[in-house]
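Undergrad: Please find one structure pasted underneath; my questions will follow.
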Amino acid sequence: MGRRRRRRVDPADAARALPEAIAVLTRTLPTGPSPETFRRAKFDRPEAAPALWRLLFCVLSPMPADGASPSLALEAQARSVKAALRFQGYPRRALAQLPDDGSQGGRELLLALAWLLARGPTLEQLLAQSRVRLGDEMPVCECESLASPGPAVPSVEADGCVDIRHLQWLMGKLRFRWRKLMASQQEQCALLGKIHSYTRGCHSDRSLGHLSVTETELLRDPEGGQQLLQRLERENVRLEAALEWRRRELVFWQWMDTVLGACPPEASQPTFLPKIPAQGAAELELVVRELQALQEELQGVAETRPYDPFDLLVDTWAPPASLHEQDWVGGHGPEWSASRRALQEAVRQDLVALQWAWERGGGLAQPHGPHRLVRTEAGAPEGRGLQATEVIEVLRSREACLEVVLGQLQGQCRQELARLVGTLPGLIWIPPPGR
């Protein structure tokens with residue numbers, strides 16, 4: 001009487017559950033292929049490989065601001081996918097051994113997609129990148145862009161010596177592009193300020209008070225409202241598919257167990273080893289011996305003399321007691337004192353930033369994420385959002401820390417150049433003037 005009858009699973013319902021789950025997943029992903037492509041990829045059919053290469057490229061590459069899909073050849077997309085997966089620590093070597101023409105590897109690509117979905121919030125990041133932005137937003141930090149750096153550029157080893165004039169030309173080109181980017185950002189901020197000032201009082205929301213660029217464009221071109229409505233409808237479809245995927249994903253993961261079981265066993269290689277050129281093997285052995293000797297010396301110094309945390313941090317740059325002052329580049333002279341002061345200043349800046357964030361009560365997570373830009377009057381009461389003065393203080397503190405780190409790196413480069421010049425007799429080194 002109290003026994004519950006077990007519900008019988010209809011084979012037809014079980015057969016329909018998997019295609020429906022994959023269809024929901026493809027509606028969430030950008031340029032998602034059909035469920036039939038997933039089925040062919042399980043059996044490693046070559047016709048399923050190009051669609052999965054393009055899908056992984058769109059998943060691993062950050063979406064442009066205009067939403068346009070990158071127009072790269074399939075071979076370039078395959079190389080970018082391999083580099084990005086290797087950068088993220090994908091453990092299977094079979095994917096790296098696939099040809100770059102994108103004609104093979106459907107099953108391995110399916111496993112790589114499942115690995116990306118299982119290791120982190122991939123779907124949430126894709127939905128956040130493709131969402132429709134109605135307001136003028138500003139990312140206070142670059143955590144999201146650093147977390148998804150996009151396709152890695154394949155490194156090219158230089159044959160022979162590198163011309164210093166070519167490096168100077170590249171640095172000049174980088175500085176020019178940086179100044180051009182800064183000028184465009186300043187021009188964009190000036191135009192945003194004009195739009196917010198001219199449209200003051202036009203918004204129905206009293207807390208905002210002015211229109212955004214998208215809302216102003218709708219007033220200028222009412223026909224663009226249909227395109228905006230279509231974009232919002234597509235976003236709603238993706239959001240509904242993401243919610244439905246959470247209810248159906250268990251069927252997909254059970255099916256992926258069968259896909260993994262169909263793969264041939266692979267030797268245990270949890271990480272990729274870097275490629276070491278033949279001409280650098282001797283130098284690598286020399287570096288290893290020097291590091292081992294340095295580690296033994298540091299351990300001996302640590303055992304004979306107690307350190308406080310700050311001394312343990314900075315004394316790794318100090319010369320051992322057995323070396324003479326002139327045998328160590330920099331010594332304990334002005335450069336060493338400057339490096340120590342720079343470290344102290346960097347620690348002080350970090351402590352000030354932490355104390356400021358703690359007093360605000362929001363911690364370090366408060367300035368993160370995009371915030372909508374809202375223009376307020378000088379005497380208006382402060383809202384619940386993040387004030388511009390607070391953001392400026394955080395950015396100035398971060399800028400000071402980065403300048404200290406830059407000075408440390410420049411000092412280390414000068415010391416290394418001086419050491420290398422000392423090994424070449426008869427060579428005169430004239431350092432560049434300080435900027």
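Every read-out reported here was derived from the displayed coordinates using simple, explicitly stated rules and does not represent laboratory data. Since the structure is predicted, the reported quantities are computational estimates derived from the model, not experimental observations. We place every Cβ from the backbone using ideal geometry, glycine too, and count neighbours over all the protein chains shown.
Undergrad: Hey, for a label at Phe43 modelled as a point 7 Å past Cα toward Cβ, could you say which residues of segment 230-259 have their backbone N under 15 Å away?
TA: 259, by backbone N distance to the label point.
Undergrad: Sort 221-229, 115-123, 233-241 by packing, meaning the average of other beta carbons within 10 Å per residue, with the highest value first.
TA: Numbers: 221-229: 10.7, 115-123: 15.4, 233-241: 13.8.
Result, highest mean Cβ count within 10 Å first: 115-123, 233-241, 221-229.
Undergrad: Can you check what the net charge comes to around Glu233, using other residues whose Cβ is under 14 Å from the Cβ of Glu233 (Lys, Arg +1; Asp, Glu -1)?
TA: Residues close to Glu233 contribute a combined charge of +3.
Undergrad: Using each residue's phi in segment 165-176, evaluate 6.51 cos²θ - 1.76 cosθ + 1.60 at θ = phi - 60° and report the 3J(HN,Hα) Karplus result to the nearest Hz, with x for Gly and Pro.
TA: Karplus-based 3J(HN,Hα) across segment 165-176 equals 5, 5, 5, 5, 5, 5, 5, x, 5, 5, 5, 4 Hz.
Undergrad: While we're looking at this one, here's another question. What is the extension gain from Glu403 to Trp178, computed as 0.36 nm multiplied by their sequence separation minus the C-alpha to C-alpha distance, in nm to one decimal? Walk me through the numbers before you get to the answer.
TA: Values: separation 225, 0.36 × 225 = 81.00 nm, distance 1.68 nm.
Full extension of this stretch gives 79.3 nm more.
Undergrad: Give me the distance in nm between label points sitting 7 Å out from Cα along the Cα-to-Cβ direction at Gln88 and Thr389, one decimal.
TA: Between Gln88 and Thr389, the simple spin-label model gives 4.3 nm.
Undergrad: If amide H atoms are built 1.01 Å from N in the plane of the peptide, which residues on other chains or at least 5 residues away come under 5 Å of the amide H of Glu137?
TA: Those qualifying (amide H under 5 Å, at least 5 residues apart or on another chain) are Leu373.
Undergrad: Hey, another quick one. Please list, in chain and number order, the residues 5+ apart from Cys202 or on another chain whose amide H is under 5 Å from its amide H, with Hs placed from the backbone.
TA: For Cys202, whose amide H was placed from the backbone, the distant partners under 5 Å are Leu211.
Undergrad: Moving on to the next point. Report the calculated FRET efficiency for Asn236 and Leu191 (r = Cβ-Cβ distance, R0 = 25 Å), to the nearest 0.05. Could you put the intermediate results ahead of the total?
TA: On the way: r = 30 Å, r/R0 = 1.22.
Here the calculated transfer efficiency is 0.25.
Undergrad: Give me the number: length gained by fully extending Thr258 to Leu127, i.e. 0.36 nm times residue separation minus the C-alpha to C-alpha distance, one decimal in nm.
TA: Working it through step by step, the gained length comes to 44.3 nm.
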